[in-house]
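Q: For reference, the structure I am asking about is given below.
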C-alpha cells in the first residue's frame, strides 16, 4: 500500500471453488472483511478493492452460520451478447465466411441465447469447419452445425469443458437438494418459464448457469441447454436418486403385472415421503407405480383383515359349539340321573 499510491484491484478467479476445498475458508473472507472495515480508520484502504470472480453469491461464501455473513460486497450481473455494438468484433470475424455475417450472427444468438462462451464457440466452429455460407441458408447451416458439433453426443465434444460444469453444479450436491433443483428445472421446462420469486432453489439454479432471469421470469438460458438438459435427461437423473428405482424398472418391465415389485409398509411410506418432499412433477410412470403400490397394500390389508375377522368368527363359533355341546352333555346327564332316580322310586 505504501509502494503503490494508485488504486489497487485484486482479482480472485473461480471463487466458487472454495466451497469444495477440504479445509475451512471462512478466515480468508474474514480477512477481506477486515480490510474493508479498516477504511474507516486508515483512508489508504479505500484504494484497495477485491474482485471475486466466479459462480457464487456473496452470502454463499461464509459457511459457519455463527460468523458474520460476507455481506460487504455486491453481486455484478453479467448479461449475454445481443445484436448490438458490443458484438461487432465477432460479426467482423465472420466476414469472408458468410455473405451476410449479421444474419449468421442472428442465428448464432438464437441458439446460444447470447451466452458468451457458446456464442464464441459457435462462431469459431463456423470459421474453422464450415464452407462459405450463402445468403438465405444461415438458419439451416447454423442449426446443422450446432446439432452436429455441440448437441449430439455432447459429452464427447465438450471442449473446453462447459456443459459438464453445468451438469456438475446441478448434480454434485446432497440428494435432496439435487432433487429439488431438478424438480424446479423440470417445472421451468414444462411451463416454458416460471415467475421469479427469489427462493433459495431458484438462486442456486441461476448460479448453475442453466437458467436466466428476464422480465421477472425464470427461463432456460438458451436452445442448446434446452436440447441437452431436456425432460428425458431430468427423468434419467431423478431415477438415479429415486429410492425405489430398481423395483420401478422391474414393474414396468413386467408390463405393470408383477405385484411382488410393488412397495408395501415402510418402503411405501418412505417412497411417498420422498415424492412429497420435493417440488417435483413426477412422471406418469412414478405416479402410477406409487398409486398401484398403495392400492395393492390396501387390498392386501383388507384381505388380511377379512381373514382375521373370519378366523375370529370361526373361533367364536367353535367356542360356541363347544359350549353348546358341553351344555347338551350336562343336560343329558341330568336327564339321565333324573330318569334313573324316577325308575328307582317306582321299583320301590
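FYI, it's all coordinate maths here, none of it is from the lab. Note that this is a predicted model, so its numbers are computed, not measured. Every residue, glycine as well, gets a Cβ built from its backbone with ideal geometry; the counts of neighbours run over all protein chains shown.
Q: Compute the relative contact order of region 150-269 as a whole-number percentage, counting only Cα pairs closer than 8 Å that sit 6 or more residues apart in sequence.
A: Working: 92 pairs, mean separation 23.0, N = 120.
About 19 percent, as a whole number.
Q: In Å, the Kirkwood hydrodynamic radius of region 165-276 over pairs of distinct alpha carbons? Don't skip to the end; give the middle numbers.
A: On the way: mean 1/r = 0.0648 Å⁻¹.
For region 165-276, inverting the mean 1/r across all distinct Cα pairs yields 15.4 Å.
Q: Can you give me the angle between helix 265-276 and the longest principal axis of the chain, using Cα atoms only, in degrees from 0 to 90, rounded to the nearest 10?
A: For 265-276 against the chain, the angle is about 30 degrees.
Q: Angle check, please: helix 26-37 long axis (alpha carbons) against the longest principal axis of the chain (alpha carbons), in degrees 0 to 90, nearest 10.
A: The two axes meet at around 50 degrees.
Q: Report the relative contact order of the chain, percent, no decimals, based on alpha-carbon pairs under 8 angstrom and at least 6 residues apart. If you can, show how the numbers build up before the last one.
A: On the way: 295 pairs, mean separation 35.8, N = 348.
Result for the chain is 10 percent.
Q: Anyone know which of 196, 51, 245 comes out most mobile in the 10 Å Cα GNM of the chain?
A: 51
Q: Which whole-number percent gives the relative contact order of region 85-152, counting Cα pairs below 8 Å spaced six or more residues apart?
A: Numbers: 49 pairs, mean separation 25.8, N = 68.
Reported as a whole number, the value is 38 percent.
Q: Give the residues of region 165-196 whose amide nitrogen is closer than 12 Å to a point set 7 Å from the Cα of residue 291 in the direction of its Cβ.
A: From region 165-196, the list is empty.
Q: Using only the alpha-carbon atoms, how far is helix 284-347 inclined from the longest principal axis of the chain? Give it as 0 to 90 degrees, nearest 10.
A: 10 degrees
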